[in-house]
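Structure first, then comments.
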Amino acid sequence: MRLAVDRIKCDGHGQCAELLPELIRLDDWGYPIVAQEEIPDRLAPLARRAVSGCPLLALALQRRAG
Amino acid sequence: MTQLLAGRNLALGAEGLAEHVRRLGPLPVPGPSFIEVLERSGLKGRGGAAYQAGMKWRSVEAQSNGAAVVIVNGAEGEPRSLKDRLLMTTRPHLILDGAFLAAKAVRAKQVVLYIGEDHRAAQDSMARALAERTSEERGLVRTAAAPARYVAGASSAAVHLVDAGIATPTTTPPSAHQRGVDGAPTLVQNVETLAQVALIARTGSPTGTHLVTVAGGVSRPGVLEIQSQITIAEAVELAGGPSESAEAVLLGGYFGNWVRAASAWGLPLDHDALRARGLSLGCGVIGVLPGSRCVVCEVAGIMRYLASESSAQCGPCFFGLRALADACTRIAEGGTDHLDLQRLQRWSADVSGRGACHHPDGAVMFLQSALNTFPEEFAGHRAHLRRSA
């Protein structure tokens, strides 16, 4: 699993970076830069919490294709 | 060998259907293996991305179920490019031939002529040509005006305009050929590519020529049809030669690459040869920057334009390109600032790959090409007010 942002939906509320600083940082304008790596198991519950915490439902967990 | 612009003098305007058929013969009925012919021809898209046309057709056909859509892309939003307009106003039937061949090959139920709203002569020419075609062909076609915006020519923006009247890009995947107009697989193809298809259907192979627009510091700027073996120097000569000593060439439009004049002249205008050097013909614009112009100011001006052409949907693109353009302008007007040069690098990395479409990526590639090609100019720029463009 990895994190994916819908760039059009995202308005830079920044909740995700608060909830999951291990994998998400904000750029200079407040928009998330998410790690492209596979989410380690120990962070999976936090990642799910970040996804459900996004006020615009712009963050998702994606199964890697293939 | 037949060329796209063969036939009557271009100044005489559009070639009518009778003359078109007399010159090239009637539109052949494509066999079931026409997509194979297209794949073997190696034809690449002429809108800028140079995607293999055959592969795109194959993918749309495979998912078509007779409901696919063909979008004839004549948006031509690239500021210096004129070649699509010239083709639409002079050889409209080549484009329509290609569009109807595409519609048959991918089993489409609709063909959309997507033409820039400001390109009035092109719209008129295509409409007059369409009126000469059979009622069966006319029944397939509708037209849509592409807003005069840089991003309007992107496939997903074209689909969005046809679907909802808004020419902003949408999140991909799904791409247009997977899920386009009304959810149907949609083939979005540049007008020059379709004109090539019309000739491939008759001769089996593409013409070996490209349409290019030679712009900027040359004596006779405009559109040329060139053999792909010729060099940039030869193309510039065909456009009347440099109007004054040239500093650099911007190859492939605003998403293209800068090359210093000395290294540019010998480059062949061939897709593969350019790609081997990390360059691309892109949309075919060869922009010649005269030596009297300041490259830093020129780059700042184009970055300002690209920032203003963000469709303002994705934060990193809207805010990031604006910040990059501001930093470029500060350097251009106030002189080199090393903090700003560092910001350009950091923000380039931050913005790249973070839009729904490739607009931010293209703008960042343009900027990086400028920084890599003109390191001394950016490192030692003296304060002066940017010239108006």
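Of the conditions (1) aliphatic (A, V, I, L, M); (2) closer than 23 Å to B:Thr172 by Cα; (3) more than 10 Å from every other protein chain (Cβ to nearest Cβ); (4) free of Cβ contacts under 8 Å to residues at least 24 places away in the same chain, A:Leu43 fails just one. Which one is it?
(2)
Is there a residue in the stretch B:314-329 that is within 13 Å of another protein chain (Cβ to nearest Cβ), over 28 Å from B:Val212 (Cβ atoms) and outside any helix (DSSP H, G or I)?
yes
Restricting to the stretch B:119-142, count the residues that are closer than 19 Å to B:Asp84 by Cα and either at pLDDT below 95 or hydroxyl-bearing (Ser, Thr, Tyr) (or both).
So the answer is 1.
Please go through (1) of a type in the set (S, T, N, Q); (2) part of a loop (DSSP other than H, G, I, E, B); (3) without any contact (Cβ under 8 Å) to a residue 24 or more places away in the chain for A:Gln36 and return the number of the only condition it doesn't satisfy.
The single condition A:Gln36 does not satisfy is (3).
Among the candidates B:Ala246, B:Ala276, which residue alone is surrounded by fewer than 16 Cβ atoms within 10 Å (Cβ to Cβ), at pLDDT below 95 and farther than 18 Å from B:Ile302 by Cα?
That would be B:Ala276, the only listed residue that is surrounded by fewer than 16 Cβ atoms within 10 Å (Cβ to Cβ), at pLDDT below 95 and farther than 18 Å from B:Ile302 by Cα.
Which one of the conditions (1) within 24 Å of B:Ser348 (Cα to Cα); (2) part of a strand (DSSP E or B) does A:Leu61 fail to meet, given that it meets all the rest?
Of the numbered conditions (1) within 24 Å of B:Ser348 (Cα to Cα); (2) part of a strand (DSSP E or B), the odd one out for A:Leu61 is (1).
How many residues are touching a helix residue (DSSP H, G or I) at 6+ places or on another chain (Cβ under 6 Å) and without any contact (Cβ under 8 Å) to a residue 40 or more places away in the chain when one looks only at the stretch B:104-129?
1
Given the conditions (1) more than 14 Å from chain B (Cβ to nearest Cβ); (2) buried (at least 19 other Cβ atoms within 10 Å of the Cβ), and given that A:Cys10 satisfies all but one, which numbered condition is not satisfied?
Only one criterion in (1) more than 14 Å from chain B (Cβ to nearest Cβ); (2) buried (at least 19 other Cβ atoms within 10 Å of the Cβ) is unmet by A:Cys10, namely (1).
Whether any residue in the stretch A:47-66 is within 13 Å of chain B (Cβ to nearest Cβ), touching a residue at least 40 places away in the same chain (Cβ under 8 Å) and out of contact with any Asp or Glu (no Cβ under 9 Å at 6 or more places or on another chain) is what I want to check.
Yes.
The values are calculated or read from the model by the stated rules, or taken from the named source; none is laboratory data. Here the structure is a predicted model, which means the values were calculated and not measured. FYI the Cβ positions are ideal-geometry reconstructions off the backbone, even for glycines, and counts take in every protein chain you see.
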